[in-house]
Every structure is written in structure tokens, then in C-alpha cells.
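Colleague: Got a structure for you, questions after.
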Amino acid sequence: MSLPEAPRINPSILAADFVNMQADLARIATADFAHVDVMDNHFVPNLTFGPQMVERIQATSPIPLDVHLMITDPDRWAPGYAELGAASVTFHLEAAADPVALARRLRSIGSRAGVAIKPGTAGEPLYEILDEFDQILVMTVEPGFGGQGFMAETMPKLHALRQEARRRGSDVWLQVDGGISESTIAQAAEAGADTFVAGSAVYGAEDAAAAVTRLRDLARAASLEP
Ligand code: DX5
Ligand code: ZN
């Protein structure tokens, strides 16, 4: 699979209409990946869907899937999402017993391996194991719900991860998720993000495809600034 260039915009289907998913997937056909939030009502206080629904989304989506697992025991459950064909599977560092072994397993199945950290989780423990991952997700809200406010206090951690990746010559993608909109995306791009999840900012727009293009343009302009 050829990979889309940065900046990448991944609309979160958490903000889609769950009973009109096929039509709402078609609305984001110009985006880079469909971001799929799996929540188990245990790791986070909200419940979405599991592998059976994700398998149908995979069969229906015009673009590849970026699965974000907000679940307990990803060591056990994450490989199933790679096996059903998700292009990228991201699990939470806070929930994984053996993050490196799990990332290797995801890659061996053929998906990209991502690791996510909550706003209160430090980025430094990832420095030594950066090469094990294709994507680091720096959460810019507490995971669990769409439509929350962007937490700018996570930006120094993102920036430090960007510098560390640069220092090591790593091509790991740095993703942000939560509160990304036309008014916050530039800050995240300046701090070093190259992959942006946006739920309400895309699905809340009259024209979702146009919202994706505007977000991408704003991120590109901000990442070009010195
Ligand atoms: C939150 C989810 C996000 C959410 C983002 O736990 O991981 O992907 O859908 O929604 P917005 O963009 O509305 O903050
Ligand atoms: Zn998410």
C-alpha cells in the first residue's frame, strides 16, 4: 500500500451517524485514513463497537482504517484488528503489558503499529523504543469522548517527541487526537504533529470533504513555518 504524504487528516467516525455509517464513510473519501475509535467501557467510560463492526467498516470504507483502541488488555485483542485488515492499529501504552512485543506482532500481521499516550502520560519512556512503532498518538484530550476542548498543555511533550524522532532519524508518524479544529490544528502542526484526527470538526461541517481540505491546508501552512 502506498502511504499518504503528511500532513494527513484522519476524520474520526465517532462523530458520524452510527446507523448511516456507509454514507458517512463516503463523505470522507478524500481524507487519508478513517479513524475508528474502539472503546470498551473499561479503559474509558464509554462504549462504541468491537471487531464485528470494524470488519464491516473495513469492507465499506473507501479509505484505509486507522484503528484507535481504547481498551484494556490490547495484548490480547489488538492483533484481531490487524488480522481483519486495518492499515494501522494503535493501542494505549497505559493498557499494554508488553508494548514492544505487541507492536512487533501487529507489524508481523501486516498493519502499522501505533502507541497512544493520554495527556498525563510522559513521552520519555517511548524514546528508547521509538523504532518499534510506526505512529505515536499524543492524546490532546482525555480519551473517551468526542467534542472536548484541545489541551494545549500537551504540546511540549509532542514537540519533545518530534525532536527526539529527528535526532534518531526516525520516520515515525506523530498523531494528535482530540479537539483538533481550524483554530487548533496550526499549534499542533507547529509542535511537530504530521497526522491529525478530527471528529466534530469534520462531521459537524456541512461539507465534510471541504473541511478535510481546509484542515490539511492549515496544517501544511503551519508545518512550513520555520
Ligand atoms: C476521543 C477519541 C477521538 C474523538 C475526537 O477519545 O479518541 O478520536 O473522536 O473527537 P473530536 O475531534 O471531536 O475531539
Ligand atoms: Zn481516537
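Colleague: When only DSSP loop residues count, what GluC sites (Glu not before Pro) in the range 159-226 have their Cβ near at most 12 other Cβ atoms within 10 Å?
Modeller: Those that pass, being in a loop and sparsely packed, are GLU206.
Colleague: To continue, here is another question. Running a GNM on the chain with Cα contacts under 10 Å, which residue among PRO156, PRO79, PRO125 ends up with the highest mean-square fluctuation?
Modeller: The residue with the greatest mean-square fluctuation here is PRO125.
Colleague: Where both partners of a DSSP beta bridge lie in the range 8-222, what percent of those bridges are antiparallel, to the nearest 5?
Modeller: The antiparallel fraction comes to roughly 5 percent.
Colleague: Sort LEU93, LEU25, LEU224 by heavy-atom solvent-accessible area, probe 1.4 angstrom, most to least.
Modeller: From most exposed to least exposed: LEU224, LEU93, LEU25.
Colleague: In terms of the Cα gyration tensor, with a ≥ b ≥ c the square roots of its eigenvalues, is the range 132-208 rounded because a/c is under 1.5, prolate because a/b exceeds b/c, or oblate? Let's see the in-between values first.
Modeller: Values: a/c = 2.08, a/b = 1.91, b/c = 1.09.
Prolate shape, in that a/c is at least 1.5 and a/b is the bigger ratio.
Colleague: Here's another thing I want to ask about it. Want the number for SER170 to GLU206: 0.36 nm per residue separation, take away the alpha-carbon distance, what's left?
Modeller: 9.2 nm
Colleague: Now for a different question. Rounded, prolate or oblate: which fits the range 103-165 when a ≥ b ≥ c are the square roots of the eigenvalues of the alpha-carbon gyration tensor, with rounded for a/c under 1.5 and prolate only if a/b beats b/c? Walk me through the numbers before you get to the answer.
Modeller: Details: a/c = 2.75, a/b = 1.42, b/c = 1.94.
Since a/c reaches 1.5 but b/c is at least a/b, the shape of the range 103-165 is classed as oblate.
Colleague: How much mean residue ellipticity at 222 nm does the chain get from its helices, if each DSSP H run of length 4 or more adds -39500 (n - 2.57) and you divide by all residues, to the nearest 500 deg cm²/dmol?
Modeller: Mean residue ellipticity at 222 nm (helix-derived): -10000 deg cm²/dmol.
Colleague: Next question. Which shape class, rounded, prolate or oblate, goes with the range 34-113 when its Cα gyration tensor gives a ≥ b ≥ c as root eigenvalues, a/c under 1.5 marks rounded, and past that a/b bigger than b/c marks prolate?
Modeller: oblate
Colleague: Still on this structure, I have one more. Normalised by the residues of the range 8-222, what does the relative contact order come to in percent, with Cα pairs under 8 Å and at least six apart?
Modeller: The value is 20 percent.
The values are calculated or read from the model by the stated rules, or taken from the named source; none is laboratory data. Just so it is clear, the model here is predicted, and its values are computed rather than measured. Positions of Cβ are backbone-derived with ideal geometry, glycine not excepted, and every protein chain shown enters the neighbour counts. What goes into the accessible areas is simple: the full protein's heavy atoms, side chains included, and nothing from ligands, DNA or RNA. Shrake-Rupley method; radii C 1.70, N 1.55, O 1.52, S 1.80 Å.
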